[in-house]
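Undergrad: Structure provided below as C-alpha cells; questions to follow.
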Amino acid sequence: MPSDTSASGTLPTTGYRDLLRNREFAGLYAGFTLTVAASTLSGFALGTLVDHQTRSPFLTAVSMYGATFATVLGALTLMSVADGNRPRRTLVALQCLSLVGVAAQAVPGLPLAARFGLLLVLGFFQSLGTGTRMGLLAEVVPTSAYALARSLMNITSGGTAVLGYAVGAVLLRYLSPYGVFVAATALTGAGSVIVAVTVRERSIRLTRRPGLRQTWTTNTALFSRSGQRALLLNLWVPNGLIVGCEALFISYAPDHAGAFLAAGSAGMLLGDLTVGRLLTAGQRRRCAFALRLLLALPYLLFALHPPVPAATAAVFIASAGFAATLPLQEQLLESTPDPVRGQVQGVESAGRMTWQGVGAAIAGGLAQWLTLGTAITAVAAISVAVTVLSRPFVVRARAVRVETVDT
C-alpha cells in the first residue's frame, strides 16, 4: 500500500479544508459536483418528460435511472481503462462523450426509444469515468484520508442533488424539459474543463495494456473471494432497492416528488457528514449493519399512505442509511492492491449504479400491479430481508487482496 501521503507530496489530511487545499483533489471534486448537478437535472427532466408522454410508472422509473443498466457493461468489458497510463486524458475524453449524450437529449421531438438508447450510452461511459475518477482519487489523497474524501464527495452529491431537484422543479415551471437539458449540458461541459486544467497526468499502475482480457482477469480475481462478494452484495442490493422506491416518487406524488427527492438527498448528506467526519473507522464498521436497516425500515410507513409531511420525514431519515457504503468501501479498498484500484472501485460503483436501475425496474414493475404505496413498502421489505440474511457473510468477510494476474 502507498505511504500516508498523496502522490503530490501533501501532508496527512485531517479535515475537509486540508483536502480542498490539494489542487488536484479540488479539481476532481469540482468536476464531480458539476457532473452530479447535470445528472440530477437531466434525470428529473427526462422523468418528467416520460411521465407526461406515457403516464407509465415503470417507464418513468426506468427513465430516471435507466442509465445505470449500462454501467455493468462497462464493468465487464473495458473497466481496466481506469488503470491506464493516462487517466487524466481518459477522464476528460469520457466526460466529453457524456457531454455529447446530454446535449442530444435536448433535441425536441427525439423519439423515446432514442432517448432510452442515449441513456444506455451515457451509463456505459459514466461507469468508466467513475472508475477513472476514483482511481485518481486514491492517488491524489493520503490513504488515511480516502474515507474522508469519499465522505466529502458523497455529502456534496447529496447537497447538489437537493439543490438540483429544487432548481429542477423551479425550472420546469418556466422552461420545457428541453431547456433543462440545455442547462445540464452546460454543467457537464464546465466539469470537463475544470478537470482538464486542474488534474495533472499520471502514469499510475498497469504494466499490461488495458482492455477486455485485462478487465476479465481482474474481475475474476475479485469475484473469486467470498468476503469481497459479500461486501459487493451489501454495497449494491439494499441501496439499489431503496433507489427503486425513490424512482416511484414522481408517480406516487407528482406535485411533491421534488420535495421527496430533496429530502432523500438531504438525509444522505447528513448521514455521510456524521459517519464520514465524526466516526472512526472502527465505529463506522460497527454501525454499518444498523445503517443498512435504517435505509429501508422507514419506507414501510408507506403501507399506511401517510400524509406528505410524514412521508417526507420518513424519506429523510431513511436516506441517512446510505452512509453504510462508507465502511464497506473502506474494507474493499483495504483488500485491493494498488495496480487495480481504479478498476475494482469502478466495478463497485458500476454494480451499485446497475442495481439502482434494477431496483427502479423492480419497483416500477410492482407498481404496474400494486398500488404505489404498497409497491414502495414491498421493495423496502425486500431490502431489509437482504440486509438481515447477508449479515453473517459480511461479519465473516476478511481483508483479502485481489492479486493482479499477468496476461
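Undergrad: Under 1.5 on a/c is rounded, so check that first for segment 93-179, then, if it is not, pick prolate when a/b is larger than b/c and oblate when it is not; a ≥ b ≥ c are the square roots of the alpha carbon gyration tensor eigenvalues. Mind showing how you got there, number by number?
TA: Values: a/c = 3.57, a/b = 1.57, b/c = 2.28.
Oblate is the answer for segment 93-179, as a/c is 1.5 or above yet b/c matches or exceeds a/b.
Undergrad: How would you rank 171-181, 322-332, highest first, on the average number of other Cβ atoms within 10 Å across their residues? Write out the running numbers ahead of the final one.
TA: On the way: 171-181: 16.1, 322-332: 24.7.
By packing density, highest mean first, the sequence is 322-332, 171-181.
Undergrad: From the phi of every residue in segment 270-278, what ³J(HN,Hα) in whole Hz does the Karplus formula 6.51 cos²θ - 1.76 cosθ + 1.60 yield, where θ is phi - 60° and glycine or proline is x?
TA: 4, x, 5, 5, 5, 6, x, 9, 9
Undergrad: With θ taken as phi - 60° and the coefficients 6.51, -1.76 and 1.60, list the Karplus ³J(HN,Hα) couplings across segment 122-127 in order, rounded to whole Hz; mark glycine and proline as x.
TA: Running phi through 6.51 cos²θ - 1.76 cosθ + 1.60 with θ = phi - 60° gives 4, x, 4, 6, 5, 5 Hz.
Read the figures in this text as sums done on the coordinates, not as results from a lab. All values derive from a computational prediction rather than experimental measurement. Please note: Cβ atoms are built from the backbone with ideal geometry, for glycine as well, and neighbour counts cover all protein chains shown.
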